[in-house]
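The values are calculated or read from the model by the stated rules, or taken from the named source; none is laboratory data. Fair warning: this is a prediction, and the values are worked out from it, not measured in the lab. Cβ placement follows ideal geometry from the backbone for every residue including glycine, while neighbour counts extend to all protein chains displayed. Accessible surface areas use protein heavy atoms only, side chains included; no ligands, DNA or RNA. Shrake-Rupley method; radii C 1.70, N 1.55, O 1.52, S 1.80 Å.
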Amino acid sequence: MDLSVVDLSPVPDDGTATDAYANTVEAAQQAERLGFDRFWVAEHHGMASTIAGTTPEVLLGHLAAETDSIRLGSGAVLLNHYSPFKVAEAFGALDALAPGRVDAGLGRANGSPAADRALGTKRRVQNPDEDHTEKIEAVATHLYDDYPDEHPYGDLEIARSGEAPPVPWVLGSSASSAAIAGELGLRFCFAAFIRPHFAKPAFEEYRERFEPSELSGGIDEPEGMVAVNAVGAETDEDAARLRASAEASYKRMERGEIGTTPSVEEAIDELGAVPDPTPATLDADEWPRAISGSPETLDGLLTQLADRVGVDEVMIQHVVADHEDALRSHELLAEGVGLTAR
């Protein structure tokens, strides 16, 4: 199994975005050493006091200078806010900075009404799936300079490295995004840490709708990845204690408190107890929003979940309050799965 990481750049307690970005750089460098395939950064708006990951195209430029071989990408850049050509220009520039190792992860999401207004985003469009499909197509076509000469955009060029262009991925947490990825013949990553029970039907939709791509950068056979919230420690019990931060964070989100990461002690107090360890074997219809365990337990759990949706790569997302615990978790995950260090 291949492993990758998506990082939200959480702001530490009493810290700033500078501290958050320094931690993200350290995590990317560690992921590269440990043998993770790719390192993606996220885009969230209007909560910068707790999540500093607002502009993946900027942060990825810095990561390009701080890493050598790991693939870098967006998880995701939110296309509903932007012009496809400008997104393609940004990722073309990133390719020039990190030749042949850039992923253009393309998604969509609305933030708060105020954030969407500030971004100039229409919160409602007549046909959102059609609009999203057209934007993804446009980004991919710009990335590969694939507009015909007679097209109004035929003379437009973007910066590039001369190596392999950025690889487009469709990201989502719904069957509709899966269908778009399939119909376009692009790679698909499902965010199971958002809507875990939709993972299996989404991948079924992806494969049912899949057509070999006519787009440059597309693929001939379905290729997917599933993103899972997972945290590791030396024992299942220690890992369950760390998972308390994720469980309490999800409870807070249900109450409308978005983007905060309680400490382990705060989380246990809010939950009323330490969560039970994730069982080593999940029931057939069981897909927890967050999992935890020792290296051996996580290896088995990730294999079970990847097998359910028929993928060979898992992307790790976590909600861990302490940066050192987060780094140790990635180290133990790499050990459990048997990654080969670079």
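P(r) tail, the stretch 186-336: Cα-Cα pairs separated by more than 25 Å, 33% of all pairs.
Of the solvent-accessible surface of the stretch 1-134, computed with a 1.4 Å probe over protein heavy atoms with every protein chain present, carbon and sulfur atoms account for 50 percent. Calculate the translational D of the stretch 127-176 in whole µm² s⁻¹ from Stokes-Einstein, where the hydrodynamic radius comes from the Kirkwood formula applied to all Cα pairs, the temperature is 37 °C and the viscosity 0.692 mPa s. D, rounded to a whole number, is 261 µm²/s. Aspartates and glutamates near K251 by alpha-carbon distance under 17 Å, same-chain residues fewer than 8 away left out - which ones? Within the straight-line limit of under 17 Å, K251 reaches these aspartates and glutamates: E265, E266, D269, E270, D276. The modelled label-to-label distance for the pair T16/R124, using points 7 Å beyond Cα in the direction of Cβ, is 4.2 nm. Within the chain, which is the longest segment that contains none of the GluC sites (Glu not before Pro) sitting in a DSSP loop with at most 14 other Cβ atoms within 10 Å? Longest run free of exposed loop sites: 1-149.
Farthest towards the positive end of the charge dipole of the stretch 212-277, among the residues P212, A273, N229, is the Cα of A273, using unit charges on the Cβ of Lys, Arg, Asp and Glu. Each helix, a run of at least 4 DSSP H residues, gives -39500 (n - 2.57); summed and divided by the residues of the chain, these come to -13500 deg cm²/dmol at 222 nm. Once both axes come from the Cα atoms, what is the angle between helix 128-143 and the longest principal axis of the chain, in degrees from 0 to 90, rounded to 10? Between helix and principal axis, roughly 70 degrees. Within the straight-line cut-off of under 14 Å between alpha carbons, the aspartates and glutamates reachable from K122 are D131, sequence neighbours fewer than 8 places apart in one chain being disregarded.
With protein chains left intact and a 1.4 Å probe, residues in the chain average 44 Å² of accessible area per residue. Over the stretch 111-247, the reciprocal of the mean inverse Cα-Cα separation, the Kirkwood hydrodynamic radius, stands at 17.5 Å. Taking all Cα pairs closer than 8 Å and separated by 6 or more residues, the relative contact order of the stretch 32-89 comes to 39 percent.
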